[in-house]
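Chemist: Submitted below is the structure of interest, expressed as structure tokens.
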Amino acid sequence: MASRSVNKVILLGRLGKDAETKFTTGGIAVTKFSLATSRRWKDQQTGEWKEETDWHNVVVWRQENVANYLTKGKQIYVEGRLQTRSYEDKEGQKKYFTEVVADDVILLGGRGEEGGQDESASQQPVSAPRTAPRPAAPAAPAAPAAPAEDRAFDQGITDDDVPF
């Protein structure tokens, strides 16, 4: 039987600083940001609530405009995988660096957090998932009919022919 493995990360947290996008020498966009996740628990001995925050380094590949939406304090959902890289520092010591390589990044939050924007702007993917197609956008309102004198649009199709 073949061995199986899974490398999947799901995070829901807040951005610690604005995301930064840089480009490789080959022109590929690389966006990096830090994400804070917190957990709370009640101490069994003292009965008081405690909180712990973890910081995660996240990288998003090939998404040029994602940094425009990822600003400090925004709540986001990240789905991806862990990746550990190594490098040698100035003293020749080998250093290891673990980061989340994001496949999917979704903005969360409502009106209060978005500075007055309508809620349709929240919960929108800012990067396409690499494992599944992006969900279809909601249907836009129908465009007004072309003027009757324009023969290029006169194909005999009416609203009754549309199946939805």
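Derivation of every value follows stated rules applied to the coordinates shown; laboratory data play no part. What you are looking at is a predicted structure, and each value in this text was computed from that prediction instead of being measured. Note that we place each Cβ from the backbone using ideal geometry, even for glycine, and neighbour counts take in every protein chain shown.
Chemist: Using 7 Å Cα-to-Cβ label points, what is the Val6/Glu88 separation (nm, one decimal)?
Modeler: Each label point is offset 7 Å from its Cα along the Cβ direction, giving 3.9 nm.
Chemist: By the scheme Lys and Arg +1, Asp and Glu -1, what is the net charge of all other residues having a beta-carbon under 13 Å from that of Ala19?
Modeler: +3
Chemist: Here is a further query. When you count, for each residue, the other Cβ atoms within 10 Å and take the mean per peptide, how do 83-93, 59-69 rank with the highest first?
Modeler: Most protected by this proxy first, the peptides run 59-69, 83-93.
Chemist: Turning to a different aspect of this structure: Leaving out same-chain residues fewer than 8 places away, which lysines sit with a Cα under 22 Å from that of Lys74?
Modeler: Partners found: Lys17, Lys22, Lys32.
Chemist: Could you work out the per residue convex hull volume over the alpha carbons of the range 66-112, in cubic angstrom?
Modeler: On the way: hull volume 4.9 nm³, N = 47.
Value for the range 66-112: 104 Å³ per residue.
Chemist: Taking 0.36 nm per intervening residue step and subtracting the Cα-Cα distance, what contour gain separates Ala36 from Glu52 on full extension?
Modeler: 4.8 nm
Chemist: Now for a different question. For Lys42, which lysines qualify as cross-link partners when the Cα separation must be under 24 Å and same-chain residues fewer than eight apart are set aside?
Modeler: Lys50
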